[in-house]
Amino acid sequence: MYERLGASPEGIASGLAAVREWLAANRPEEAWRAWSSLPQGSGHQDEIRRLLEIELLIARGRPAEAWKVASALPEPRSTEALHWQQRAAFAAGRPADAIRASLARDRSLATEAARSLAHQELLARLRDAATHGMKLDPTSAREPAVRGWLELGLLAASASHSPLGISRDLARWRTRYPGHPGTSIAMAEITGSPQVPGTPPVAAGTPVALLLPLTGRQAAAGALVRDGFLAALNVLPEPQRPIVKVYDTGDPGITHALRTAQGDGPGFIVGPLTREDAAQAVAGNTRRIPLLLLNALAQDAAATPNTWQYALSPEDEARQVARRALAQGQRRAVLFVPGGDWGSRVVAAFRDAFATGGGTILDQQTYSAAQNDFAAHITAALRIDDSRARHKRLEGVLGGKLQFEPRRRADIDFIFAAGQAVALRQIRAQLRFFYAGDVPTYMTSEGFDPDPAANIDLDGVLFPDMPWMLQEQGQVADARSATQTAWADKGPRLPRLFAFGYDAAQLMLALRTNGWQWPLAGVTGHLSPDAQGRIRRELDWAQIRKGKPQAIAGP
């Protein structure tokens, strides 16, 4: 009926109503047909026509075109025009432009109540965008107000995945952005959101038992894990902070430490640290107290109720390398791995994930961590010797010397090199020497040295690592900065253990919270338990450039 009324030049208002009705009925293609037949209007009607075009393009899944129309709207823009410009920017994956439209819209709103509602809407959209994978990068904007909103959106998105809460992070945000327009709603909208699970009250007399080696060979590692664990809990308000009792598994041994801890009646046990002690702890936990092991059991170990395994596992990294390579269309791999148990576990995890996705391992070379010349392994994997043999056969046929440059095999999609930094630097340098410097190369985080000068030979190599080592801004960087005095003098690698302890505390809180929303946004990765109780880590990705890790998007 509206379309019939809108058929004449004077009936544009009815034609616009027809478009709205088709949209209300969730029939965007009919709405587009009706919109396309509208006559040109003037003034306010022409603006409505353009805004409906933006809405229609979004509804039809054409966000880039919607943003092109929205960004070309004439000035001055009405409140409604700025609203749709914001919507188009979000649809097109341009959160900074959405914020700019919102800030311009603020100036056109007459009352504080209207501005507050607009700010709530903006924060909700930023939170939803971040939750669904849109990149909110504060460094992409120069304006402090825009950067502040982007950071606030990240805080809002992570609030429901942080068992420590984000009150301290919000306080630091307010210090960085005094007078920011989002200040008035930030605390109530984020910390008061029903999506955020509360930290359960700590029952009196039920402490947390932390089992770590504080004497013996593992004492330095145990002390760092302990310090990270306690630093995380200190973020909580004191009434919510659990009592922690620490038990030494070093000289007394795990059996004595576990028996003593069980006698004190803990509500949760965290630890021990070594693989051997972890296996004994499972066997000795006869009271079935909830137990978060700080290591992984053997792969074939049966799952035990109320028991979880959390480790800085190289197997997680190997699986993620396989998944990323497959996502990039790289299906033929050459592997360089160290001998021994560590290398065997890495290869097994990689092979399993790679084969599941249809990948093929062309060659695997197992090297000794003590060697520094990898030429034999590399020439064998790249089939350089085959090229040399062809050269000799050709010289024999022709009866003379030929100018020759050996060629590597041409069917390699990527190289995966696992191991320590010293070995990987040598492997990478010799790969370049043998004509494979242009082959995409992945490594495990063991190969990354925080000293940029040590990484020059690794330029171009990709690797997954914990956010603690890679993120320069945001919550993880803030946590690292706030705790720096506790780990900064421990050497370049040991701080990973501090981060490990920090996330062990977060995991303990999350595991004892009913209905926790996984994954947990940790400093060692995004953490989730699987059906066997193993905590899986999804890591950040980086590429070495001029000796420094540069963050890159995940697969």
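Here is how the numbers come out for the structure above:
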{"item": "Some residue of the stretch 12-20 being in contact with a Gly (Cβ under 7 Å, 6 or more places away or on another chain) and polar (S, T, N, Q)", "result": "yes"}
{"item": "Matching residues, the stretch 335-351, being surrounded by 14 or more Cβ atoms within 10 Å (Cβ to Cβ) and assigned to a helix (DSSP H, G or I)", "result": "W342, G343, R345, V346, V347, A349, F350, R351"}
{"item": "Lone unmet requirement of (1) at pLDDT 95 or above; (2) on the phi < 0 side of the Ramachandran plot; (3) open to solvent by 20 Å² or more (accessible area, probe 1.4 Å) for L294", "result": "(3)"}
{"item": "Boolean, R226 is in contact with a helix residue (DSSP H, G or I) (Cβ under 7 Å, 6 or more places away or on another chain), at pLDDT 90 or above and open to solvent by 60 Å² or more (accessible area, probe 1.4 Å)", "result": "yes"}
{"item": "Qualifying residue in the stretch 482-503 (condition: in contact with a strand residue (DSSP E or B) (Cβ under 9 Å, 6 or more places away or on another chain) and open to solvent by less than 20 Å² (accessible area, probe 1.4 Å))", "result": "yes"}
{"item": "Subset of the stretch 1-45 that is open to solvent by 90 Å² or more (accessible area, probe 1.4 Å) and in a loop (DSSP other than H, G, I, E, B) - its residue that is modelled with the lowest pLDDT", "result": "Q40"}
{"item": "Qualifying positions in the stretch 303-329 - open to solvent by 10 Å² or more (accessible area, probe 1.4 Å), over 14 Å from N285 (Cβ atoms) and aliphatic (A, V, I, L, M)", "result": "A311, L312, L326, A327"}
{"item": "Flag if L103 is under 30 Å from W149 (Cβ atoms) and surrounded by 16 or more Cβ atoms within 10 Å (Cβ to Cβ)", "result": "yes"}
{"item": "Members of the stretch 519-555 that are in a strand (DSSP E or B), acidic (D, E) and surrounded by fewer than 20 Cβ atoms within 10 Å (Cβ to Cβ)", "result": "E538"}
{"item": "Any chance A157 is under 22 Å from A188 (Cβ atoms), at pLDDT below 90 and open to solvent by 10 Å² or more (accessible area, probe 1.4 Å)", "result": "yes"}
{"item": "Those residues of the stretch 247-268 which are among the aliphatic types (A, V, I, L, M) and in contact with a helix residue (DSSP H, G or I) (Cβ under 6 Å, 6 or more places away or on another chain), in sequence order", "result": "I254, L258"}
{"item": "Selection from the stretch 260-286 of residues that are surrounded by fewer than 24 Cβ atoms within 10 Å (Cβ to Cβ) and more than 19 Å from T304 (Cα to Cα)", "result": "T260, G263, D264, G265"}
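The values are calculated or read from the model by the stated rules, or taken from the named source; none is laboratory data. The structure displayed is predicted, hence computed values, not measured ones. FYI the Cβ positions are ideal-geometry reconstructions off the backbone, even for glycines, and counts take in every protein chain you see. For the accessible areas, the whole protein counts, side chains as well, though only heavy atoms, and no ligand, DNA or RNA atoms are used. Shrake-Rupley method; radii C 1.70, N 1.55, O 1.52, S 1.80 Å.
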